[in-house]
1. Name, by its number, the condition in (1) among the acidic types (D, E); (2) modelled with pLDDT under 95; (3) closer than 14 Å to G8 by Cα that does not hold for E163.
2. Would you tally the residues in the stretch 215-245 being under 25 Å from N187 (Cα atoms) and either among the aromatic types (F, W, Y) or in contact with an Asp or Glu (Cβ under 6 Å, 6 or more places away or on another chain) (or both)?
3. Based on this model, can you work out whether L201 counts as over 22 Å from G3 (Cβ atoms) and not polar (S, T, N, Q)?
4. With R153, R190 as the choices, which residue is among the basic types (K, R) and modelled with pLDDT of 95 or more?
5. Could you tell me which residue of the stretch 193-226 is modelled with the lowest pLDDT, considering only residues that are buried (at least 16 other Cβ atoms within 10 Å of the Cβ) and within 30 Å of L155 (Cα to Cα)?
6. Do you know which of the residues in the stretch 6-51 that are of a type in the set (F, W, Y) and surrounded by fewer than 23 Cβ atoms within 10 Å (Cβ to Cβ) is nearest to Y74 (Cα to Cα)?
7. Using the structure shown, decide if D168 is among the acidic types (D, E) and surrounded by fewer than 13 Cβ atoms within 10 Å (Cβ to Cβ).
8. With the stretch 155-242 as the region, which helices (runs of 4 or more DSSP H) entirely inside it contain at least 1 residues that are of a type outside the set (D, E) and within 20 Å of the chain's Cα centre (by Cα)?
Amino acid sequence: MTGFIVAGSQRTGTSLIVSTLRSHPDICCHGEVFLYSRGRGKNIEASYRQFINQKKVPRTISHYLNRDRLIGEYLDYTYANTDSEAVGFKLMLDQVREFPEIRAYLQKKSIRILHVIRENVLKTMVSRVSAMTRGRYHSNEKVELAKIQLPVRGLLTNLDALEKEILDWRRYAAESPYLCISYETFNAGRDVELQKAQDFLGVDYKPMASTLKKLNSDNLVDVVENYDELVMTLSGTRHERFLDF
């Protein structure tokens, strides 16, 4: 059995990759099992919160007093509790920061890291603002296009932070088996990228497909209502290249 995670940050294409992997008969891929803060994770299949709630008192105490051991037990259980040839889950950067114990486990067990990035971090930011504005993050049905106002105050700092998220994940994965898939490359040639992913996970190649539909146009002019203001903000900066990317 191959253990893996789908690593990334919000709105970079991780849900697209996860839903695609789930269409393979020999791959089991859970969602964000380490959603935990503010009471989240109760309704997520095979989540860490469900695991500790199975025996409320002892495991809840362990979460605070011996979390390293408890997370190890949970991950051992998650990776063993399947008949699939490859089993994994989606892990966001903020969850690694909340649970730093995960990183040591990944390295110790040589868990494979499938890192999903979006090279155009401007479109990552647009997607985040669009999702929050519309209150819609994913859809299995085609939706009407809608424009948003993209805040330009602090935008350069935010784009720098998004690029740093990519570098942080690469640093966390430095001692683990690692494969990077970019959202742009995946959409340009899915068959090639899916072959790479299946080879990396050690499963036989089979056609795979996602049921998710795009929520936004790839053309920023169609999405950003204040596009002219955006151009003025990025003009002459190193992020200007993302306007035509």
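The values are calculated or read from the model by the stated rules, or taken from the named source; none is laboratory data. Note that the coordinates shown come from a computational prediction; the quantities given were computed from them, not determined experimentally. Neighbour counts run over all protein chains shown; Cβ positions are idealised from the backbone, glycine included.
1. Only one criterion is unmet by E163, namely (2).
2. Number of matching residues: 3.
3. Values: over 22 Å from G3 (Cβ atoms): no; not polar (S, T, N, Q): yes.
For L201, the condition - over 22 Å from G3 (Cβ atoms) and not polar (S, T, N, Q) - is not met.
4. On the way: R190 fails: modelled with pLDDT of 95 or more.
Matching residue, one of R153, R190: R153.
5. Only one residue tops the list, namely L215.
6. Applying the first criterion (of a type in the set (F, W, Y)) to the stretch 6-51 yields 34, 36, 48, 51.
Add one more test, that the residue is surrounded by fewer than 23 Cβ atoms within 10 Å (Cβ to Cβ), and what stays is 36, 51.
Numbers: Y36: 14, F51: 7 Å.
Filtering the stretch 6-51 for residues that are of a type in the set (F, W, Y) and surrounded by fewer than 23 Cβ atoms within 10 Å (Cβ to Cβ), the one nearest to Y74 (Cα to Cα) comes out as F51.
7. When the stated conditions are applied, D168 does not pass them.
8. Values: elements: 155-172, 183-188, 190-201, 220-223, 227-234.
In the stretch 155-242, the matching helices (runs of 4 or more DSSP H) lie at 155-172, 183-188, 190-201.
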